[in-house]
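Notes to accompany the following structure.
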């Protein structure tokens with residue numbers, strides 16, 4: 001790929017070209033090991049968040065070129081059936097996220113990545129499908145981390161993934177993550193390396209009692225195996241999505257649905273009115289416990305569509321977002 005990689009803020013990136021798309025199972029194992037090492041380092045007596053080693057994101061993009069999609073017909077059909085996407089040879093934005101996700105994860109388990117993979121919370125996503133991508137297209141995929149910034153519960157950052165076809169940018173996804181318990185030093189007024197004050201800080205939920213659900217336009221009844229079904233297609237077999245026993249080890253009463261499953265299903269419900277190119281955003285709130293029932297409202301706005309989803313029996317919002325034709 002000829003395009004010189006830079007972050008959103010214009011910083012140059014080195015490129016580490018991988019021969020093949022990495023497997024998520026091995027990445028999660030590596031991430032678990034590195035998370036343990038980071039936790040052990042922070043547990044050194046007398047060391048707190050304020051005097052831990054400085055947090056600096058790697059200035060490296062991972063890249064896989066020549067990713068063929070011609071052999072993914074059956075996989076795409078399985079995705080479409082599970083997410084209620086219409087049958088088509090055009091790849092929806094949620095499916096492109098699935099294809100790029102292993103490469104993005106590989107950045108988060110690098111030896112010089114300063115935050116643990118285990119316990120990191122996905123709080124928002126912003127993806128733009130800039131030109132149609134069809135089954136059979138050959139993809140060049142690139143991912144990197146950027147824009148580390150403070151949050152009242154720790155630090156946030158963005159992991160960016162881009163997909164090109166024929167040398168042109170076709171899709172760009174920005175996943176925002178929260179790592180709790182970490183802190184950035186207070187910047188000096190003349191500190192050129194200070195976190196970008198313009199970078200958005202995403203709050204993961206509305207304050208209790210401040211939100212009233214709208215009239216629903218749909219209801220999802222999600223069985224206990226929803227996480228396993230999406231994990232089989234996406235490769236994301238994080239234990240919190242697969243079984244209640246594993247989820248309880250991380251503080252959840254039951255297994256929880258993948259956030260990107262729920263967001264992609266809302267995208268599918270917007271339907272053909274989104275067009276062949278569109279921007280799709282989501283901010284996550286309370287996780288969806290499995291099995292569970294979710295009320296959904298999709299409304300038409302001036303520029304496109306807004307959607308929100310909540311617990312069918314309580315005033316607890318699970319996520320909200322927009323789909324805007326481009």
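So, residue 275, is that one at pLDDT below 95 and surrounded by fewer than 22 Cβ atoms within 10 Å (Cβ to Cβ) or not?
Working: at pLDDT below 95: no; surrounded by fewer than 22 Cβ atoms within 10 Å (Cβ to Cβ): yes.
Considered against the rule, which asks whether it is at pLDDT below 95 and surrounded by fewer than 22 Cβ atoms within 10 Å (Cβ to Cβ), residue 275 comes out as no.
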Problem - Candidates 264, 309, 303 - the one that is touching a helix residue (DSSP H, G or I) at 6+ places or on another chain (Cβ under 9 Å) and not in a strand (DSSP E or B) - result: 264
Exercise for the section: Filter the stretch 223-240 for residues that are within 16 Å of the chain's Cα centre (by Cα) and in contact (Cβ under 8 Å) with a residue 24 or more places away in the chain and give the result. Expected result: 227, 230, 231, 233, 234, 235, 236, 237, 238
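Among the listed residues 56, 120, identify the single one that is touching a residue at least 40 places away in the same chain (Cβ under 8 Å), within 27 Å of residue 317 (Cβ to Cβ) and surrounded by fewer than 19 Cβ atoms within 10 Å (Cβ to Cβ).
Details: 56 fails: within 27 Å of residue 317 (Cβ to Cβ).
Just a single option satisfies the conditions, and that option is 120.
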Exercise for the section: Looking for whichever is surrounded by fewer than 19 Cβ atoms within 10 Å (Cβ to Cβ) and either assigned by TED's automatic domain parsing to the domain that holds residue 102 or touching a residue at least 12 places away in the same chain (Cβ under 8 Å) (or both) here; the options are 252, 305, 319. Which one fits? Expected result: 252
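From 114, 150, which residue is farther than 21 Å from residue 21 by Cα, buried (at least 16 other Cβ atoms within 10 Å of the Cβ), touching a residue at least 60 places away in the same chain (Cβ under 8 Å) and out of contact with any strand residue (DSSP E or B) (no Cβ under 6 Å at 6 or more places or on another chain)? Spell out the reasoning first.
Details: 150 fails: touching a residue at least 60 places away in the same chain (Cβ under 8 Å).
The unique qualifying residue is 114.
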Handout entry: Filtered residue count, the stretch 242-261, keeping only those that are within 20 Å of residue 317 (Cβ to Cβ) and in a helix (DSSP H, G or I)
Key = 3
Exercise for the section: Please tell me if residue 282 is in a helix (DSSP H, G or I), modelled with pLDDT of 95 or more and surrounded by 14 or more Cβ atoms within 10 Å (Cβ to Cβ). Expected result: no
Problem - Single residue of the stretch 156-171 satisfying the filter (part of a strand (DSSP E or B) and over 16 Å from the mean Cα position of the chain (by Cα)) that is farthest from residue 8 (Cα to Cα) - result: 165
Exercise for the section: Answer with yes or no whether residue 128 is surrounded by fewer than 21 Cβ atoms within 10 Å (Cβ to Cβ) and within 18 Å of residue 169 (Cβ to Cβ). Expected result: yes
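The values are calculated or read from the model by the stated rules, or taken from the named source; none is laboratory data. Here the structure is a predicted model, which is why all the values come from computation and not from measurement. Cβ sites come from the backbone with ideal geometry, for glycine too, and all protein chains shown count toward neighbours.
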